[in-house]
Amino acid sequence: MTMTKNNFSEISLANFTRIIEFSDHSGAVYSIAYDGQFIYSASGDKYVCRWNPITGTQDKFAIKFNNTPYSIQLFNDNSMLAVGLENGDLHFFDLIERVETKFFKQHKSAIFNILENKHTQQLYTTDADGNLAVWSTNDFSLQLLLPFDCGKIRRMAMNQNGSMLYLACQDGNIRVIETEFYNLIDEFLAHKEGVTSLAFHPNNSLLLLSGGKDAHLKFWDLSTNSELKSLPAHNFVIYDILFLTNKLFVTASRDKTIKIWDAEMDIVVQRIEAKQRGHRHSVNALIKISDSSFASCSDDKRILFFSEMSI
């Protein structure tokens, strides 16, 4: 067992290995999605592209925009794709018919996150000005716009039955919204320098993890919104948190590293950086492929596909 610069234990109990590298983007990759067959990516080269993780090749599907796409989200059982741009434009695409169905200019600043609520048949978008927009996934109409004046809302997380929405806000607070009438029911200070990532434990709807600009990973008891634990998890901002199973989760950071965690002991069991065939620059997002595999994207213009090998 060794001690890291961050003063907590890291042990090698996992063996995730890079299987495939997708490197055809010419700009940083900001967001990725997976439909069970293809990985979708949004890049600073102004393209949204699609990749086959089995063959390691790019699919013929590609969309060129006039501005950089910052966020993408599959919805309606992966038949639709939402794309949010740096200038606030929002595009909806029908993936079966391969046509654009709707285009909106409601947001006036970069759209950082998009999330589907299947329980309410709605889609949520958040932007750099602290706005939350609620859209119908049936007719794609705008149903509600909520301004929070909290700076960037980089991430959202939703409980298992879709009744509560949690917002990761630049002012350091996590805001809690109920999804029947969309009232703000609570907010609590989580990371003084800003909240940048959120994730629910898959088997515990009262356990929320948050990552911040302060590089700390925090664990929250949502019955009281109280902090259970705070770990100095990375050297820079934590951009994403992903649960693979109830026993393993992954974090991605601007410090160029991916860390695999034991979710029961809350310790790092594997660290992936450039010398372990990881990323060379900021790791921006993660997406689950299976219980034993995931993909990541980075400012180094690459998408990497990792799978756990038997030890």
So which of 244, 228, 248 ends up being under 29 Å from residue 50 (Cα atoms) and without any contact (Cβ under 8 Å) to a residue 60 or more places away in the chain?
-> 244
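For the range 237-258, check the following and say yes or no: at least one residue is part of a strand (DSSP E or B) and surrounded by fewer than 17 Cβ atoms within 10 Å (Cβ to Cβ).
no
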Exactly one condition in (1) free of Cβ contacts under 8 Å to residues at least 40 places away in the same chain; (2) within 21 Å of residue 120 (Cα to Cα); (3) surrounded by fewer than 21 Cβ atoms within 10 Å (Cβ to Cβ); (4) not β-branched (Val, Ile, Thr) is not met by residue 175; state its number.
-> (3)
Among (1) at positive phi; (2) modelled with pLDDT of 95 or more, residue 291 falls short only on (1)
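Please find, within the range 74-89, the residue that is nearest to residue 155 (Cα to Cα) out of those that are among the small types (Gly, Ala, Ser) and in contact (Cβ under 8 Å) with a residue 24 or more places away in the chain. Please lay out each step first, then the result.
Pass one, the range 74-89, residues among the small types (Gly, Ala, Ser): 79, 82, 84, 88.
This time we only want the ones that are in contact (Cβ under 8 Å) with a residue 24 or more places away in the chain, so: 82, 84, 88.
Numbers: 82: 16, 84: 13, 88: 16 Å.
Filtering the range 74-89 for residues that are among the small types (Gly, Ala, Ser) and in contact (Cβ under 8 Å) with a residue 24 or more places away in the chain, the one nearest to residue 155 (Cα to Cα) comes out as 84.
Please pick out the residue among 205, 223 that is without any contact (Cβ under 8 Å) to a residue 40 or more places away in the chain and out of contact with any Asp or Glu (no Cβ under 7 Å at 6 or more places or on another chain).
On the way: 205 fails: without any contact (Cβ under 8 Å) to a residue 40 or more places away in the chain.
That would be 223, the only listed residue that is without any contact (Cβ under 8 Å) to a residue 40 or more places away in the chain and out of contact with any Asp or Glu (no Cβ under 7 Å at 6 or more places or on another chain).
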The condition from (1) surrounded by fewer than 19 Cβ atoms within 10 Å (Cβ to Cβ); (2) in a loop (DSSP other than H, G, I, E, B) that residue 228 misses is numbered (2)
Criterion violated by residue 26 - all others in (1) surrounded by 21 or more Cβ atoms within 10 Å (Cβ to Cβ); (2) among the small types (Gly, Ala, Ser); (3) over 17 Å from the mean Cα position of the chain (by Cα) satisfied = (1)
Filter result (without any contact (Cβ under 8 Å) to a residue 40 or more places away in the chain and among the β-branched types (Val, Ile, Thr)) within the range 56-73 | 57, 63
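Can you list the strands (runs of 3 or more DSSP E) found entirely within the range 90-185 that contain at least 1 residues being of a type in the set (Phe, Trp, Tyr) and either out of contact with any Phe, Trp or Tyr (no Cβ under 7 Å at 6 or more places or on another chain) or at positive phi (or both)? Explain how you work it out, then say what you get.
Values: elements: 90-94, 99-104, 111-117, 122-127, 131-136, 142-147, 153-158, 164-169, 173-178.
Qualifying strands (runs of 3 or more DSSP E): 90-94, 99-104, 122-127, 131-136, 164-169.
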Failed criterion for residue 59 (all others in (1) surrounded by fewer than 19 Cβ atoms within 10 Å (Cβ to Cβ); (2) modelled with pLDDT of 95 or more; (3) outside any loop (DSSP other than H, G, I, E, B) hold) | (2)
Kindly indicate whether any position in the range 233-246 is within 19 Å of residue 288 (Cα to Cα) and polar (S, T, N, Q).
-> yes
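Mind checking which residues of the range 13-23 are part of a strand (DSSP E or B) and surrounded by fewer than 21 Cβ atoms within 10 Å (Cβ to Cβ)?
17, 18, 19, 20, 21
The values are calculated or read from the model by the stated rules, or taken from the named source; none is laboratory data. Everything numeric in this text was worked out from a predicted model, so none of it was measured. Positions of Cβ are backbone-derived with ideal geometry, glycine not excepted, and every protein chain shown enters the neighbour counts.
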